[in-house]
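Structure record follows, encoded as structure tokens.
The values are calculated or read from the model by the stated rules, or taken from the named source; none is laboratory data. If you're wondering where the values come from, they're calculated on a predicted model, not measured in any experiment. Counting neighbours? That spans all protein chains shown, and the Cβs are built from the backbone with ideal geometry, glycine included. Ligands, DNA and RNA are excluded from the accessible area calculation, which covers all protein heavy atoms including side chains. Shrake-Rupley method; radii C 1.70, N 1.55, O 1.52, S 1.80 Å.
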Amino acid sequence: MHAVIFAGGTVRSGKAVTESIAKAELVLACDSGALSALRYGCTPAIVVGDFDSLTMPLSELEARGCRIVRVPAEKNETDSELAIQVALEQGATLITLLGALGGARIDHTLANILLLAGFASVPIRIVDGPSCCWLLRGPGRTTVQGQPGDLLSLLPLTAEASGVCTSELYYPLFDETLYFGNPRGMSNVLQKEQAEISLQSGLLFVSHTSLEELKEQEAGHEGI
């Protein structure tokens with residue numbers, strides 16, 4: 001079951017966002033993420049949070065059929081983490097986070113990225129405008145579907161990500177080691193519609209950005 005979670009950050013539009021929503025079998029929201037969900041035409045089945053940032057009455061969400069899961073403000077988990085736990089309890093086998101990046105606080109963004117490493121039982125991805133991000137665990141491999149010219153960044157979330165091999169990228173990697181704190185894996189480029197990445201050990205943050213969508217967004221900002 002594909003669960004889409006609207007976190008509390010800004011949801012930037014994009015093809016992957018639209019496709020994720022269209023394929024969602026369960027929609028959840030974290031606190032003010034409920035507003036983002038409603039703006040995208042989704043009524044979340046479950047809304048989780050301490051509701052310190054939601055600006056609409058909970059009664060209105062309940063009237064729309066949302067189940068409210070209220071948690072204490074003083075807690076160990078973030079609202080996004082709790083929403084992932086609820087999604088897993090509901091049987092989610094794939095989770096997409098929207099609004100996980102670009103919020104008012106950079107620590108929330110970093111926490112959401114690090115959450116990818118916290119749940120090994122189910123694939124979790126972050127979709128943000130032209131970009132889609134996920135975690136590759138070693139030993140393992142992943143496939144990237146896109147267009148030639150798309151950008152692909154590989155950043156280790158462990159001290160080392162070793163045995164990195166790639167195919168169909170402009171800068172090939174052959175059994176390489178990438179080191180935490182050294183952004184050597186930034187801004188590689190797809191040469192064909194499909195690229196492959198394999199990893200022997202460690203954790204590798206994978207970020208795929210559509211060049212076409214990125215240029216469209218940049219052109220739109222210039223026209224403002």
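With the contact rule set at Cα under 8 Å and sequence spacing of 6 or more, what percent relative contact order holds for the chain? Please list the in-between numbers first.
On the way: 500 pairs, mean separation 43.3, N = 224.
Contact order relative to length: 19 percent.
Any idea what angle helix 79-89 forms with the longest principal axis of the chain, computed on alpha-carbon atoms, 0 to 90 degrees, nearest 10?
90
Restricting to DSSP H runs of at least four residues, report the calculated mean residue ellipticity at 222 nm for the chain, -39500 (n - 2.57) per run over all residues, nearest 500 deg cm²/dmol.
Values: 6 runs with 54 residues, N = 224.
One gets -7000 deg cm²/dmol as the mean residue ellipticity at 222 nm.
With only alpha-carbon atoms counted, please give the Rg and Dmax of the range 1-89, in Å.
Rg, Dmax (Cα atoms, Å): 12.2, 37.
Note down, for the range 88-177, the three equivalent ellipsoid semi-axes (square root of 5 times each alpha carbon gyration tensor eigenvalue), biggest first, whole angstrom.
Values: eigenvalues 111, 55, 42 Å².
Taking √(5λ) for each Cα gyration eigenvalue gives 24, 17, 15 Å.
Could you work out how far apart the two model spin labels at Glu160 and Val189 are, taking each label as a point 7 Å from the Cα in the direction of the beta carbon, and quote it in nm?
3.1
Round to the nearest 10 and report in Å² the accessible area of Tyr179, as given by a 1.4 Å probe over the protein chains' heavy atoms.
Roughly 110 Å² of Tyr179 is accessible to a 1.4 Å probe.
Can you sort Met56, Met186 by solvent-accessible area, 1.4 Å probe, largest first?
On the way: Met56 25, Met186 95 Å².
From most accessible down to least: Met186, Met56.
Return an integer: the convex hull volume of the alpha-carbon atoms of the range 150-202, in Å³ per residue. Show your work: numbers first, answer last.
Values: hull volume 3.2 nm³, N = 53.
So the per-residue Cα hull volume is 60 Å³.
Which value results when the Cα radius of gyration for the range 119-159 is divided by 2.2 N^0.38 Å? Each step should come with its number before you reach the end.
Details: Rg = 11.6 Å, N = 41, 2.2 N^0.38 = 9.0 Å.
That ratio works out to 1.29.
How big is the accessible area of Leu214 in square angstrom, nearest 10, if you roll a 1.4 angstrom probe over the protein chains?
Here the accessible area works out near 50 Å².
Taking the chain as a Gaussian network, where each spring joins two C-alpha atoms under 10 Å apart, which residue of Gly149, Gly99, Gly65 fluctuates the most?
Evaluated over the chain, the most mobile residue of the options is Gly65.
Given H placed 1.01 Å from N in the peptide plane, which residues other than close sequence neighbours of Ala24 have an amide H under 5 Å from its amide H?
none
Calculate how many DSSP beta bridges within the chain are antiparallel, expressed in % of all such bridges and rounded to the nearest 5. Spell out each step's value before the answer.
Numbers: 33 of 53 bridges.
So the antiparallel bridges amount to about 60 percent of the total.
Return the long-range amide H neighbours of Glu77 (sequence gap of 5 or more, or a different chain), with a cut-off of under 5 Å between placed amide H atoms.
When sequence neighbours closer than 5 places are left aside, there are no close amide H contacts.
Averaged per residue, what accessible area in Å² does the range 1-158 show with a 1.4 Å probe, protein chains only?
46
Given the whole protein assembly as supplied and a 1.4 Å probe, what does the accessible area of Cys66 come to in Å², nearest 10?
Its heavy atoms expose roughly 10 Å² to the probe.
What size of dipole, in debye to the nearest 20, comes out for the chain about its Cα centre when the only charges are +1 on Lys and Arg C-beta atoms and -1 on Asp and Glu C-beta atoms?
On the way: 15 positive and 26 negative charges, 48 e Å.
In debye, rounded to 20, the chain gives about 240.
Any chance you could run the full-extension gain for Gln90 through Phe119? It's 0.36 nm times the residue separation minus the Cα-Cα distance, nm to one decimal. Walk me through the intermediate numbers first.
Numbers: separation 29, 0.36 × 29 = 10.44 nm, distance 1.52 nm.
Gain on extension, Gln90 to Phe119, equals 8.9 nm.
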